[in-house]
Amino acid sequence: MSLFSFFYYILAIIVYIIALPLILFKLKNKKYQVAIPAKFFLKNNPKFDNKNKVWFHSCSMGETVALKPLIEEFADCNLSVITNTGFEEASKHTNNVRYLPYEIFLPFWINRQKALVVMEAELWFMLFLCAKRKGAKTFLINARISDKSYNSYKKMRWFYKFIFKNIDKVFAQSEIDKQRLAYLGAKNIEVIGNIKLAQLPKITKKFEKISETLITAGSTHENEEELILNSYDRKFGKLVIVPRHPERFEKVNELINDYCHKNILTYHRFSQQEDFNSDIILVDKMGELNNIYAISDVVILGGAFEKIGGHNPVEPAFFGCKIISGKEIFNQKSLFECIDNYYIIENSQLKQYLSKCDELEKPKLAKAGSIEPIIKELKNV
């Protein structure tokens, strides 16, 4: 162990001891009653059974979703995460899922792996050091340093140089990211674009675009339909509402029926009439959202006007829809970072933004990445 590693480890122990009261206090919150014991006390969080495998590590749900094609390519792999939502998503794809323990446990917790593949900004010093010392080839993928965070990274350049000493190869999103990463000490950098956009949405049915503005409220949840209807005016355009869960179709149907009756608007259910001839349409069929995004002008993205965590903004952005979303996008922040020009608003501002939707800018997606260079590299390990 180098002198730097020794002092870093001692500091990590001190931080752990100081933080223990806060960690124990947070245990009162149901949300953390599995993750905290796993990460900070190794409860029900053993080493990976499968040794000498490809080990993927991500932070939260967005990063884990992006790993899906790689997990499928290396089916018998290991996967670690940081957050609850990341764990839930990871469990859909493999049984070999763990919460990544706090750094002081990693020297004893990590066993030999063929390769460690880490998503984005999960730059844990002990993670890369211990994996490499145990014989793994180490990779940082989808690496990006934003304009906003670059100054902070530069101030800690001396520290990141120690981290990058233990990373064999970096797959960066852009040439600018490559230059910034190299300045921080990264070596062997290859630009492959943003792999979160490696799986772009497709349509299964082609609808004809209507002549007036089409506003689609996509993946809506409880209370959001009411907010949207109360913010809507027929002069803004036609309105399509697509609830997230099919068990809510009947309840939303009643809500829209009452609204249209009071406001003398036409309305129909998509399951009974597959067109957009009415003022308001309830899409009560599964699998139609991307088909409708393809002909929409504006998308009100649900799941963010209530504390749900938001939904995937890449889908409407891909089809060039102007995106309006609420502030509760905590599960989708990493995907919003792939897009320029979107509108995160307070619930009370929805009507105001719908009234000026002609003035809103269309979103722009970052360069879509390819996972093929990563697959090729891992198969040669």
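The values are calculated or read from the model by the stated rules, or taken from the named source; none is laboratory data. Note that this is a predicted model, so its numbers are computed, not measured. Cβ sites come from the backbone with ideal geometry, for glycine too, and all protein chains shown count toward neighbours. In case anyone asks, the SASA skips ligands and DNA or RNA and just uses the protein heavy atoms, side chains included. Shrake-Rupley method; radii C 1.70, N 1.55, O 1.52, S 1.80 Å.
Where helices (runs of 4 or more DSSP H) fall wholly inside region 123-179, the ranges with 1 or more residues that are under 16 Å from ILE110 (Cα atoms), at pLDDT 95 or above and of a type in the set (A, V, I, L, M) are 125-133. Of the strands (runs of 3 or more DSSP E) contained entirely in region 42-116, those carrying at least 1 residues that are under 21 Å from the mean Cα position of the chain (by Cα), under 30 Å from ILE18 (Cβ atoms) and small (Gly, Ala, Ser) fall at 78-81. Among the residues of this structure, ALA121 counts as one that is surrounded by fewer than 21 Cβ atoms within 10 Å (Cβ to Cβ) and within 20 Å of CYS338 (Cβ to Cβ). Considering only region 267-286, I want to know if a residue exists there that is under 32 Å from the mean Cα position of the chain (by Cα), farther than 18 Å from GLU208 by Cα and open to solvent by less than 10 Å² (accessible area, probe 1.4 Å). The answer is no, given that none of the residues of region 267-286 is under 32 Å from the mean Cα position of the chain (by Cα), farther than 18 Å from GLU208 by Cα and open to solvent by less than 10 Å² (accessible area, probe 1.4 Å).
Among the residues of region 288-326, which ones are part of a loop (DSSP other than H, G, I, E, B) and touching a Phe, Trp or Tyr at 6+ places or on another chain (Cβ under 8 Å)?
Residues satisfying the conditions are GLU288, ALA294, ILE295, SER296, GLY309, GLY310, PRO313, PHE319, CYS321, GLY326.
Looking only at region 180-211, residues that are within 21 Å of LEU335 (Cβ to Cβ) and not in a loop (DSSP other than H, G, I, E, B) come to 5 in all.
crowded, with 17+ Cβ neighbours inside 10 Å and under 24 Å from GLU372 (Cβ atoms): is that true of LEU100 in this structure? Show your work before the answer.
Values: crowded, with 17+ Cβ neighbours inside 10 Å: yes; under 24 Å from GLU372 (Cβ atoms): no.
Here the answer is no, as LEU100 does not meet what is asked.
Can you tell me which residue is modelled with the lowest pLDDT among those in region 75-97 that are within 22 Å of LYS376 (Cβ to Cβ) and open to solvent by 30 Å² or more (accessible area, probe 1.4 Å)? Before the answer, list the steps.
Of the residues in region 75-97, the ones within 22 Å of LYS376 (Cβ to Cβ) are 75-79, 93-94.
Restricting the remaining residues to those that are open to solvent by 30 Å² or more (accessible area, probe 1.4 Å) gives 75-76, 93.
Working: ALA75: 83, ASP76: 89, HIS93: 89.
Checking each candidate, the answer is ALA75.
Taking every residue in region 172-193 that is surrounded by 20 or more Cβ atoms within 10 Å (Cβ to Cβ) and pairing it with any residue that is in a loop (DSSP other than H, G, I, E, B) and at pLDDT 95 or above, at least 6 positions away or on another chain, the pairs with Cβ-Cβ distances below 7 Å are ALA186/ILE167. When region 302-323 is filtered for residues that are in contact with a Gly (Cβ under 6 Å, 6 or more places away or on another chain), of a type in the set (A, V, I, L, M) and touching a residue at least 60 places away in the same chain (Cβ under 8 Å), nothing remains.
Against the definition (in contact (Cβ under 8 Å) with a residue 60 or more places away in the chain and either in contact with a strand residue (DSSP E or B) (Cβ under 8 Å, 6 or more places away or on another chain) or buried (at least 18 other Cβ atoms within 10 Å of the Cβ) (or both)), how does LYS68 come out, yes or no?
When the stated conditions are applied, LYS68 does not pass them.
In this structure, GLU361 does satisfy being farther than 26 Å from VAL170 by Cβ and either of a type in the set (S, T, N, Q) or open to solvent by 80 Å² or more (accessible area, probe 1.4 Å) (or both).
The residue of region 231-246 that is most open to solvent (accessible area, probe 1.4 Å), among those that are part of a helix (DSSP H, G or I) and under 15 Å from ASP279 (Cα atoms), is LYS235. Looking only at region 136-161, residues that are surrounded by 12 or more Cβ atoms within 10 Å (Cβ to Cβ), of a type outside the set (A, V, I, L, M) and farther than 17 Å from PHE125 by Cβ come to 7 in all.
Determine whether region 247-258 contains at least one residue that is surrounded by fewer than 19 Cβ atoms within 10 Å (Cβ to Cβ), of a type in the set (A, V, I, L, M, F, W, C) and in contact with a helix residue (DSSP H, G or I) (Cβ under 9 Å, 6 or more places away or on another chain). Within region 247-258 (the criterion being surrounded by fewer than 19 Cβ atoms within 10 Å (Cβ to Cβ), of a type in the set (A, V, I, L, M, F, W, C) and in contact with a helix residue (DSSP H, G or I) (Cβ under 9 Å, 6 or more places away or on another chain)), the answer is yes, since at least one residue qualifies. Could you list, in sequence order, all residues of region 194-230 that are among the basic types (Lys, Arg) and crowded, with 16+ Cβ neighbours inside 10 Å? The answer is LYS196, and nothing else.
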